[in-house]
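Novice: Pasting a structure here, questions to come.
The values are calculated or read from the model by the stated rules, or taken from the named source; none is laboratory data. Because the structure is predicted, anything quoted here is derived from the model rather than measured. FYI the Cβ positions are ideal-geometry reconstructions off the backbone, even for glycines, and counts take in every protein chain you see.
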Amino acid sequence: MPSDPAAVLLDMDGTLVDTEGLWWQAVAAVAGRPLTDADVPFVHGRTIEDVAVHLGSVTLTGPLTDAFAERIHQDLTVVRGAPELLAGLAASAIPTALVSASPRSIVELVLPRLGHAFDLVITNEDTERGKPWPDPYLEAARRLGAAPSRCVAIEDSPAGIAAALAAGCRVLVASPETGLPPLHAVRAWRARHGETLPEEA
């Protein structure tokens, strides 16, 4: 359809699966203290390496990954509307990429629950810089052979939104609370917004 994007690039944590609470629990457990609002810019949507540095040492990357994985094994919820959107994208043969700040070991725990064959999976190991830098989205668009301006990115975190906008993608903001829209709503949204970035994000 004319309103179809060249590709849909989807964040994982907080967008397709409701793992942000699990991530915060994992970070607090490793940090040994409750997290505060001051931690949000350094934790929400950031790579595990970035969070480890925020907590004081890159050596905390392993413990953070293990703590997060343990909680995913125990309690993983797929965001409302995600299965329907992914099924619609597959039925319409619209290329999809999972673009996550999580490491591949975490992504591989989640993928079976999503039940979708992504054309491409980008994790934090695939680019030198992670979100909020544009590199993950630029790499996804490059590998799919799509112009970023013709891609729709679906994100929930400020870091992820900033990364997708900086890459030149159209960005649809979602959250576990609102759920994900069906494909016809994504098409209508893209038709309204076209391929030109807004003056204000």
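Novice: State all residues of segment 79-104 that are modelled with pLDDT of 95 or more and of a type in the set (Gly, Ala, Ser); if no residue qualifies, say none.
Specialist: Gly81, Ala82, Ala87, Gly88, Ala90, Ala91, Ser92, Ala93, Ala97, Ser100
Novice: Next question, about the same structure. For the structure I just gave you, tell me whether Ala101 is in contact (Cβ under 8 Å) with a residue 24 or more places away in the chain, surrounded by 17 or more Cβ atoms within 10 Å (Cβ to Cβ) and not in a helix (DSSP H, G or I).
Specialist: Yes.
Novice: Go through segment 46-96 and tell me which helices (runs of 4 or more DSSP H), entirely inside it, have 3 or more residues that are under 19 Å from the mean Cα position of the chain (by Cα), more than 26 Å from Arg187 (Cβ to Cβ) and not hydroxyl-bearing (Ser, Thr, Tyr).
Specialist: 48-55, 61-74
Novice: Is there any pair with a first residue in segment 174-188 that is at positive phi and a second that is surrounded by 14 or more Cβ atoms within 10 Å (Cβ to Cβ) and assigned to a loop (DSSP other than H, G, I, E, B) whose Cβ atoms are under 8 Å apart and which are 6 or more apart or on different chains, and what are they?
Specialist: Gly179/Val79; Gly179/Gly81
Novice: Moving on to the next point. Starting from residues that are small (Gly, Ala, Ser) and touching a residue at least 40 places away in the same chain (Cβ under 8 Å), keep the ones in segment 51-85 and report whichever is nearest to Ala26 (Cα to Cα).
Specialist: Result: Ala67.
The rows are residues; the columns are (1) of a type outside the set (S, T, N, Q); (2) out of contact with any helix residue (DSSP H, G or I) (no Cβ under 8 Å at 6 or more places or on another chain); (3) under 15 Å from Lys131 (Cβ atoms); (4) not assigned by TED's automatic domain parsing to the domain that holds Gly115.
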position	(1), (2), (3), (4)
Ala31	yes, no, no, yes
Leu35	yes, no, no, yes
Pro41	yes, no, yes, yes
His44	yes, no, yes, yes
Thr47	no, yes, yes, yes
Val51	yes, no, yes, yes
Thr61	no, no, no, yes
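Novice: With the structure loaded, tell me whether Thr36 is among the hydroxyl-bearing types (Ser, Thr, Tyr) and out of contact with any Leu (no Cβ under 9 Å at 6 or more places or on another chain) or whether it fails that test.
Specialist: So Thr36 passes the test.
Novice: Name the residues in segment 105-138 that are under 23 Å from Leu85 (Cα atoms) and among the charged types (D, E, K, R), would you?
Specialist: Result: Glu108, Arg113, Asp119.
Novice: If you don't mind, another one. Ala69 passes all but one of (1) over 27 Å from Pro5 (Cα atoms); (2) exposed (fewer than 15 other Cβ atoms within 10 Å of the Cβ); (3) modelled with pLDDT of 95 or more; which number fails?
Specialist: It is condition (2) that Ala69 fails.
Novice: Ok, one more. Would you point out the residue of segment 31-45, among those that are in contact (Cβ under 8 Å) with a residue 24 or more places away in the chain and in a helix (DSSP H, G or I), that is surrounded by the most Cβ atoms within 10 Å (Cβ to Cβ)?
Specialist: Among them, the one singled out is Ala31.
Novice: Please go through segment 13-28 and give me each residue that is surrounded by fewer than 23 Cβ atoms within 10 Å (Cβ to Cβ) and of a type in the set (S, T, N, Q), ordered by number.
Specialist: The answer is Gln25, and nothing else.
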